[in-house]
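Following: one structure in structure tokens, then a few remarks.
We did not get these values from a lab; they are worked out from the coordinates using the rules stated. In this text the structure is predicted, and so the values were computed from the model without any measurement. Every residue, glycine among them, receives a Cβ derived from its backbone with ideal geometry; neighbour counts consider all protein chains shown.
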Amino acid sequence: MSIPHREPRRPFSYKESLRQLLNPLVRLLSRMRVRPDTLTFLGWTFACVSAVLFGLGYVPLAGAVMLFGGLFDALDGAVARASDRMSDFGAFLDSTLDRISEAVVFVGIIFYYAASDRPYEALLAGAAMTFSLLTSYTRARAEGLGVRCEVGLLERAGRVVLLSVFSILGFLTLGVGLVAAGALVTTVQRILHVRRETRA
């Protein structure tokens, strides 16, 4: 009696799940010939609005705007691939504006904590910003050396979702702490990954 062969289960990927969820919208935007760079700029604009709202203390609203802006960040690359409009400059612009978006949101949060006389929370937000930017830098530097570096616990999409959802729920400091910890772990994972790959 032969035992039927089972295909091994693929590990869960939130990026793949999100990609499948957004596929109908991606196809619609591609048919409408929406430029990927337009989506990139819209995501950056919403991030800047979110930063101002954080700085003014409208934390739940800021989280909602940040989450909405993150949708455009998820769409621009997918639309570029679907409409065959990929370019080196488009990829460069997307990465650059992503870093600015992330930094400006944390600046807004740091300002909010500083204006509220909460120095330790401001310090935590500064650490979260530092390690978040380092996750992106380590990947970019690794790929500059010819090493693929798509590893790590918490990528940008995860950081956006964590911070925005906890902000909406009224737990901003917890969200900032989770992002700081996750980004630190991711940075270390990428450093160790590149160390292994360059020793081979």
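By the Stokes-Einstein formula, at 0.890 mPa s and 25 °C, segment 14-199 with its Kirkwood radius over alpha-carbon pairs has D equal to 144 µm²/s. Stretched out straight at 0.36 nm per residue, the stretch from Ala181 to Leu22 would grow longer than its current Cα-Cα span by 54.4 nm. By the count of other C-beta atoms within 10 Å, a proxy for reagent exposure, Asp76, Asp94 are ordered fewest to most as Asp94, Asp76. The HN-Hα couplings worked out from phi for segment 131-142 by the Karplus form 6.51 cos²θ - 1.76 cosθ + 1.60 (θ = phi - 60°) are 6, 5, 5, 5, 4, 6, 5, 4, 5, 4, 5, 5 Hz, whole numbers, x standing for Gly and Pro.
Legend: ranking of residues Tyr137, Tyr112, Tyr120, Tyr58 from fewest to most surrounding C-beta atoms inside 10 Å; resulting order Tyr120, Tyr137, Tyr58, Tyr112. If you rank Glu102, Glu143 by fewest surrounding Cβ atoms within 10 Å, what's the result? Starting with the residue having the fewest Cβ neighbours, the order is Glu143, Glu102.
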